[in-house]
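Only one structure is covered here, and it is reproduced in the block below.
The values are calculated or read from the model by the stated rules, or taken from the named source; none is laboratory data. Here the structure is a predicted model, which is why all the values come from computation and not from measurement. Don't worry about glycine lacking a Cβ; one is built from the backbone with ideal geometry, like all the others, and counts go over all protein chains shown. For the accessible areas, the whole protein counts, side chains as well, though only heavy atoms, and no ligand, DNA or RNA atoms are used. Shrake-Rupley method; radii C 1.70, N 1.55, O 1.52, S 1.80 Å.
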Amino acid sequence: MPKSSSTDEFSLPKSISGAKPKVGLILGSGLGPFVDRLKSTGSVSYSKIDGLPVSKVPGHEGTLHCGKIGGVEVVVAKGRVHCYEGWTAKEAASLVRLFDQMGVEVVVLTNAAGIVNANFKPGRWMLLCDHINMTGLSPLTGSATFIDQSEVYSKPLRCLIVEMAHELGMIAPVEGVYTWMNGPEYETPAEVKMLRTLGADAVGMSTVPEAIQARALGMEVVAMSCLTNYGAGLSGVPLSHDEVMEVGANAAAVLVDLLEKCVPQMV
Ligand code: HPA
């Protein structure tokens, strides 16, 4: 049952208040077509959900979709807010607390990221096996919540995704360490070199606050980065947001098939 009490952080409009999703997905740009695979039961703009932050970037407002995939009830969040817009880390993790309020047990996070490990290739997907938080921010600030972070990203769910990729005859995602940088500017070549020295494989500006929040609420987490570009200094070409978006959109098509196969097996 979706929890509903006066202590709820978010107030859900009628169109989705009856949803009982078990899996919640937060999709980075380009993965929008995944919602076309849902047997939809309702959708609503973020601006209609009291308590949820709404991006002020035109075209980034966000929509929540409820539906079924392979018989399993899911909720899909298209669009997220980032700390570089001025939101706190707690605000950036709001969708995860909304998922928790709806009864979600497994959270799937996707993002676009720059390559720090030069052995990786643009257009491929990376399963996060761990992260490095370089922002100094946390969604748990203000509460003495000393959660364990030994395995933020579920090993069994990572195995499931690799296994299903093989079954579909796809190139399986590589595993790697994601670094959260605040942005919005891309890194300098010296920063990319530093991140590699620290053990990072990829760098981006999202996902980590959501993963920390989900673990604090006892949810299982799996996260994937679309490797859209070489980090600054690795290729000799300047970074362009348009290139990041284009590579992301092309790589998204294969992930939609993979998620459709995996999500029903995650609960
Ligand atoms: N750096 C940070 N975030 C990103 C990048 C990058 O190179 N590419 C896509 N998101």
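Cross-link list Lys48/Lys68; Lys90/Lys155; Lys68/Lys155; Lys68/Lys193; Lys22/Lys56: which exceed 32 angstrom alpha carbon to alpha carbon?
Result: Lys68/Lys193 exceed 32 Å.
What is the local net charge at Leu38, summed over the other residues whose Cβ is closer than 12 Å to its Cβ (Lys, Arg +1; Asp, Glu -1)?
+1
Below 8 Å between Cα atoms, with a sequence gap of 6+, how large is the relative contact order for the range 61-141 in percent?
For the range 61-141, the relative contact order is 25 percent.
Run the accessible area of the range 110-267 with a 1.4 Å probe and give the carbon-and-sulfur part as a rounded percent.
55 percent
Provide the FRET efficiency to the nearest 0.05 for the His241-Gln149 pair, computing r from the beta carbons and using R0 = 35 Å.
0.70
Do the sum for the chain: with -39,500 (n - 2.57) for every DSSP H run of n ≥ 4, divided by all residues, what is the mean residue ellipticity at 222 nm, to the nearest 500 deg cm²/dmol?
The helix-only estimate for the chain comes to -8000 deg cm²/dmol at 222 nm.
Compare Lys56, Lys14 by solvent-accessible area with a 1.4 Å probe and give them largest first, with all protein chains kept in place.
Lys14, Lys56
If you add up the charges near Leu255, with Lys and Arg at +1 and Asp and Glu at -1, over every other residue whose beta carbon is less than 13 angstrom from its beta carbon, what do you get?
+1
Note down the net charge around Met126, summing +1 for each Lys or Arg and -1 for each Asp or Glu among other residues with Cβ under 9 Å from its Cβ.
Here the charged neighbours net out to -1.
In square angstrom, what is the accessible area per residue of the chain with a 1.4 angstrom probe?
With the other protein chains kept in place, the chain gives 44 Å² per residue.
Using Cα-Cα distances under 8 Å and only pairs 6 or more residues apart, what relative contact order does the chain have, in percent?
26 percent
If a paramagnetic tag sat 7 Å from the Cα of Val57 along the Cα-Cβ line, which residues of the range 182-202 would have the backbone N under 18 Å from that point?
Label zone hits: 182-188.
Mind giving me the nanometre distance, one decimal, between the label points for Val267 and Ser45, set 7 Å out from Cα along Cα→Cβ?
2.8 nm
Rank these by accessible area, largest first, 1.4 Å probe: Asp148, Asp8.
Solvent-accessible surface, decreasing: Asp148, Asp8.
Using unit Cβ charges (K, R positive; D, E negative) and no other charged atoms, how large, in debye to the nearest 20, is the dipole of the chain about its Cα centre?
Here the chain has a charge dipole of around 460 debye.
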